[in-house]
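Heads up, the thing below is written out as structure tokens.
Just so you know, all these numbers are worked out from the coordinates, no wet-lab data involved. Everything numeric here is computed off the predicted structure, so don't read it as measured data. As a convention, Cβ positions derive from the backbone with ideal geometry for all residues, glycine included, and neighbour counts pool all protein chains shown.
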């Protein structure tokens, strides 16, 4: 951990950003606890429940960032540390992934053997997900694949109008490309769409029902990923959860780099990065680089042949 003004005080780690960042911080926080048993540290985050619920050592130390009187009762007498993985040299030079960057920020050095993030599901979460997954498999008599085609940059308006690019950051599939991939794999698997909003893929020629779960939360999605046979996704939370559960994963990258956002050394990960040599690192949270963003915005415009390559790999693994 970086030096603070007074090392006699305990620490409060603020893990900001999306839920994927909170999940990726888990290995570094576990290591910090092991190496600093005298630090009565706490964690606060917008995603404390989703990331740390049920964790045997971190759950009791974690708090939602909007908890009433959190500052007065818990934070005021601690050193507040906000580790920022995007500020780490190894990260923005593609020498480590986000979990390793958190480890560098919190524990001081690069660990190339960092363990997977440990997500702990309750018995109810396990049971509910197992039953739902079984029903979906049984309906089509096929393995269950979860597909998260859209990342954080997708907009509701794009879903409603079914038009044009839906993610200006170049991280997500378009609806049309997602449908093309589903059409090529639906004869061999049941597909569950992981998304906040449903999409009528039958309008794009998909013949089999694409499952969708109404009004669910991230913890239930964690359970469903654990209960599935494989995961397909873009650069978003689902692939981090799939890695936690050591799930067979087929990841398609656009504007971001595998070395930063994913797990290229994992035997369970099949990463498709067709534009690896034609994109530029976007220094998010450091500066706004319009040149890099404009260069990367079309990185997920995949060809039919590339879609077929992805589909063939998925089908060969089922």
(message) Could you tell me the relative contact order of the chain? Use alpha-carbon pairs under 8 Å, at least six residues apart, and round to a whole percent.
(response) 17
(request) Report the convex hull volume per residue for the stretch 92-242, counting only C-alpha atoms, in Å³. (result) 139
(message) From the Cα trace of the stretch 11-105, what convex hull volume per residue do you get, rounded to a whole Å³?
(response) 92
(message) At a 10 angstrom cut-off on C-beta neighbours, averaged per residue, how do the peptides 261-274, 8-21 rank from highest to lowest?
(response) 8-21, 261-274
(message) Give the separation of the Cα centroids, the stretch 270-285 to the stretch 1-77, in Å.
(response) 31
(request) State, to one decimal in nm², a quarter of the convex hull surface area for the C-alpha atoms of the stretch 219-299, i.e. the direction-averaged projected area. (result) 5.9
(message) In whole Å, what are the extents of the stretch 14-64 along the principal axes defined by its C-alpha atoms, from largest to smallest?
(response) 28, 17, 17
(request) Take the stretch 162-318, compute every pairwise Cα distance, and split them into 10 Å bins from 0; I just need the percent in each bin. (result) 10, 38, 39, 12, 1
(message) Taking the beta-carbon count within 10 Å as an exposure proxy, list 251, 70 from fewest neighbours to most.
(response) 70, 251
(message) Using only Cα atoms and rounding to the nearest 10 degrees, what angle (0 to 90) does helix 26-35 make with the longest principal axis of the chain?
(response) 30
(message) From Cα pairs below 8 angstrom and at least 6 apart in sequence, can you work out the relative contact order of the stretch 11-105, rounded to a whole percent?
(response) 36
(request) Give me the angle, in degrees from 0 to 90, between the Cα long axis of helix 175-185 and the longest principal axis of the Cα atoms of the chain, rounded to the nearest 10. (result) 70
(message) Largest first, please: the extent of the C-alpha atoms of the stretch 267-318 along each principal axis, to the nearest Å.
(response) 42, 25, 14
(message) How large is the direction-averaged shadow of the alpha-carbon convex hull of the chain, in nm²?
(response) 16.7
(request) Could you tell me how many degrees, from 0 to 90 and to the nearest 10, lie between the Cα long axis of helix 98-107 and the main elongation axis, the longest principal axis, of the Cα atoms of the chain? (result) 0
(request) Sort 221, 89 so the one with the fewest other Cβ atoms within 10 Å of its own Cβ comes first. (result) 89, 221
(message) I need 255, 248 ordered by Cβ neighbour count within 10 Å, fewest first.
(response) 248, 255
